[in-house]
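Below is one structure, written out as structure tokens, with a few remarks after it.
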Amino acid sequence: MKIKILLNLVLFFILSINIVYATEPPETWYFYKVSKNTVLGGEPTFERERLIYRYWQTKLTISDKEVVIDKACTIPEGATNEIVTPLSYWKSPEQVDKYQKIFSEEKIPLENQIHIIKNDLNDKGSPCSKQDLTALIKIGNFMVFMTEPGYIIIFSKNLEKDRLSSATYRGLDQPLNLLGHPMLIDKKNVNKMNKECNFPGDGTYEYDSYNKCPLTELHIYFARVINKLQAEKEYSFENNKDKFYFTKNQIKEFEYEIYLNIEKNNKLIDRLPIYKENILESAFFEQYYYIDKEFKNVWLLNYYGDDSIHHVTEWRHYKIDNTGHFKLLESRSY
């Protein structure tokens with residue numbers, strides 16, 4: 001009788017453990033960033049921007065049965081799930097050194113043992129393979145996706161802490177306003193930008209510098225604004241009897257301007273180029289803007305970048321008077 005009771009207790013505890021394991025809530029990991037460089041070498045490319053825009057709203061849901069990559073694909077229960085050393089996984093010291101470098105650049109220590117979750121890479125028709133995703137590596141508080149182009153996509157459990165420290169994420173998450181970005185109003189912040197953004201653009205900088213630079217946020221944010229504007233056939237605003245609307249002037253293949261036009265009684269009164277983009281072989285020029293909701297003020301910021309510097313060159317503040325004309329109130333060159 002005692003043996004039967006003992007066996008029943010053992011079975012009860014085993015079943016309880018299984019139930020707890022099976023019903024343990026899944027973990028959620030949130031997009032943090034894409035590595036600034038690739039393990040394949042070479043300079044950063046537009047492929048990095050594509051990956052950022054593709055995955056910035058994506059989250060991972062990980063349970064004991066599967067990994068769900070939100071808006072992308074699912075790695076099923078049958079996927080490889082193992083703990084290995086970096087050398088046994090990447091096969092050569094040279095490859096380990098390459099991955100050690102890229103993880104170090106992103107402030108993620110590559111440990112002596114890594115937890116690998118991956119799909120069947122021989123199945124090129126699988127949804128995850130179609131998304132350029134190969135292996136998923138768990139390192140501390142980070143989940144890291146390896147990709148075919150060589151970049152790594154990093155997900156974090158520390159959502160608020162990591163995202164708020166990321167200028168890239170702030171630029172993506174800022175509510176979209178076709179009137180521009182209010183950061184340009186504060187001249188004191190603009191005056192500090194060159195000091196905060198004093199790093200080269202060739203990938204040799206510290207990632208913290210890139211993340212803290214307000215120009216990083218503005219660049220990402222205005223890419224979204226311009227995509228929205230270009231998707232609209234006409235975008236206009238009415239204020240009393242005045243009409244304000246945007247027009248685009250294509251100067252060259254990689255150079256264009258967007259104008260803010262003021263119209264009274266169906267007659268064009270004045271216009272001002274508020275956004276500019278000029279991409280050259282070794283440098284680029286951009287102009288950002290902010291228009292207040294009363295259409296009384298316009299702030300402009302000119303920005304230059306190349307492989308060695310990111311630099312604000314000019315800041316201006318215009319007033320829109322009662323006659324519908326732009327009047328320059330203040331200008332500062334840097």
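The values are calculated or read from the model by the stated rules, or taken from the named source; none is laboratory data. Everything numeric in this text was worked out from a predicted model, so none of it was measured. Methodologically, a virtual Cβ is constructed for each residue, glycine included, from the backbone with ideal geometry; neighbour enumeration extends over all protein chains shown.
I'd like the residue in the stretch 164-179 that is part of a loop (DSSP other than H, G, I, E, B) and among the polar types (S, T, N, Q) and, out of all such residues, is modelled with the highest pLDDT.
In this case the residue turns out to be ASN177.
Could you list, in sequence order, all residues of the stretch 209-241 that are at pLDDT below 80 and of a type in the set (A, V, I, L, M)?
Within the stretch 209-241, ALA231 is the sole residue that qualifies.
Which one is nearest to ASN239 (Cα to Cα) among residues in the stretch 292-315 that are part of a strand (DSSP E or B) and among the hydrophobic types (A, V, I, L, M, F, W, C)?
The qualifying residue nearest to ASN239 (Cα to Cα) is VAL298.
Can you tell me which residue is modelled with the highest pLDDT among those in the stretch 180-206 that are farther than 17 Å from TRP315 by Cα and out of contact with any helix residue (DSSP H, G or I) (no Cβ under 6 Å at 6 or more places or on another chain)?
ASN198
If you scan the stretch 304-330, which residues turn out to be in contact with a Ser or Thr (Cβ under 9 Å, 6 or more places away or on another chain) and aromatic (Phe, Trp, Tyr)?
TYR304, TRP315
When only residues in the stretch 38-63 that are in a loop (DSSP other than H, G, I, E, B) and modelled with pLDDT of 85 or more count, which is farthest from ASP97 (Cα to Cα)?
So the residue we want is THR38.
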